[in-house]
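Read the structure below first, then the notes.
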Amino acid sequence: YNCLVYHRQMSELTLCYWNLRGLGQSVRYLLEHVGESYTETRYTPEQASEWFGKKYDLGFDFPNLPYLIDGKKKVTQSAVIMMYLGKKHGLAGANEDEFLKIAEIDGAIRDLRVGLSKIAYSADYAKLRPEFMSKFEAGLKNMSKFLGGKTFLMGDKLCYADFVLFEDLDVYGYFEPGCLDKYPNLKRYKESIGDLPNVKKYLESDRFIKWPLNGWSATFGGGFAPPAQH
C-alpha cells in the first residue's frame, strides 16, 4: 500500500498522521485557515506496520503521530504542534499573558476530549457513557461561560485553540446530538469558525475527512462510516 499524500503546492512543511480526524484535525484546520502550503501524509490501517517500521528512524526525540516537519524543525505532540503553528502565524497571543491564557484554554478543551476518548475506546462504552455525561455537561457549560459574548475564545481575534474547540464541538454533535442547543453562543461560535473562507472551502473539499472521528477501533467515532442518522 502507498500512503495517501496530499500537496498544497510544494512546501517545506509536512504533516503526517493517520487517515482519520483525531488529533490531527485541528492542525489541518489551522494550516488551511492561514493558507500555508503543506504536504500531508496519511496512513491507513493497512499501513500501520509501515509507520511503526520507520517510527524511530526519522530523527524525532519523541516519535509519534501526528508529526510536523517545517524545514529543520521537527515537532511531535499535537498540542505543541498547534502552539508552534500558532506562534508562527500570529495565533498565539500578542504578549506573554495572552500566550499563557491560550495555552490554558487549550489544555481545558483537551481535557474534556480526553475524557470522552477514555470511554470511546472501551468495549464498555455503553455502560460508561451515562457516568461521563455529568462531566461532559459541566465541560460544555464551563466553555460556554468562558466564551460568553465573545466572537472567538480570546475576543475578536482568532487563536490556535479556536481550531481545537471547533473540531471538538463537531465531534460532540455526534456523541450527543443537540448538545449545543442549550448553548447558543457555542452554536454560533462553531458556525463562525466553519464559515471562515479557507476553512469552509476545506470542509467542502474531498480532502476533508468526515469519518472516523477517532481511531478505527474505537467503539464511538470509529469504524469506516458514520452512524446512519448522520
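The values are calculated or read from the model by the stated rules, or taken from the named source; none is laboratory data. Please read these numbers as outputs of a predicted model, since none were measured by experiment. Here Cβ is always computed from backbone atoms with ideal geometry, including for glycine, and neighbour counts include all displayed protein chains. Only protein heavy atoms, including side chains, enter the accessible area calculation; ligands, DNA and RNA are left aside. Shrake-Rupley method; radii C 1.70, N 1.55, O 1.52, S 1.80 Å.
The figures follow:
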| quantity | calculated |
| --- | --- |
| Heavy-atom accessible surface of the stretch 112-215: percent carbon and sulfur, 1.4 Å | 54 percent |
| Carbon plus sulfur fraction of accessible area for the stretch 25-80, probe 1.4 Å, in percent | 50 percent |
| Sparse-neighbourhood loop sites, chymotrypsin sites (Phe, Trp or Tyr not before Pro) in the stretch 99-200 - DSSP loop, at most 16 other Cβ within 10 angstrom | Tyr121 |
| Shape call, the stretch 58-152: gyration tensor on alpha carbons, a/c limit 1.5 | oblate |
| Filter on Lys73/Lys101; Lys87/Lys182; Lys150/Lys201; Lys87/Lys190; Lys72/Lys210 - keep pairs with C-alpha separation over 27 Å | Lys87/Lys182; Lys72/Lys210 |
| Linear extension gain, Asp195 paired with Arg207, 0.36 nm per residue minus alpha-carbon span | 2.6 nm |
| Percentage relative contact order, the stretch 42-134, counting C-alpha pairs under 8 Å, at least six apart | 11 percent |
| Residue range of the chain that is longest and free of GluC sites (Glu not before Pro) which are both DSSP loop and sparsely packed (at most 15 other C-beta within 10 Å) | 13-203 |
| DSSP beta bridge pairing in the stretch 1-127, given as percent antiparallel to the nearest 5 | 70 percent |
| Label-zone membership for the stretch 153-190, site Leu100, 7 angstrom Cα→C-beta point, backbone N under 19 Å | 154-155, 160-161 |
| Relative contact order computed over the chain (Cα-Cα under 8 Å; 6+ residues apart), in percent | 22 percent |
| Accessible area in square angstrom per residue, the stretch 183-230, 1.4 angstrom probe | 54 Å² |
| Probe 1.4 Å, accessible area per residue of the stretch 119-163, Å² | 54 Å² |
| Antiparallel %, DSSP beta bridges [both residues in the chain], to 5 | 70 percent |
| The stretch 63-115: relative contact order as a whole-number percent, Cα under 8 Å and 6+ apart | 19 percent |
| DSSP H segments from the chain that extend 27 Å or more along their own axis, Cα-based, with Kyte-Doolittle mean of -1.0 or above | 96-120, 125-147 |
| The chain shape via C-alpha gyration tensor axes, a/c threshold 1.5 | oblate |
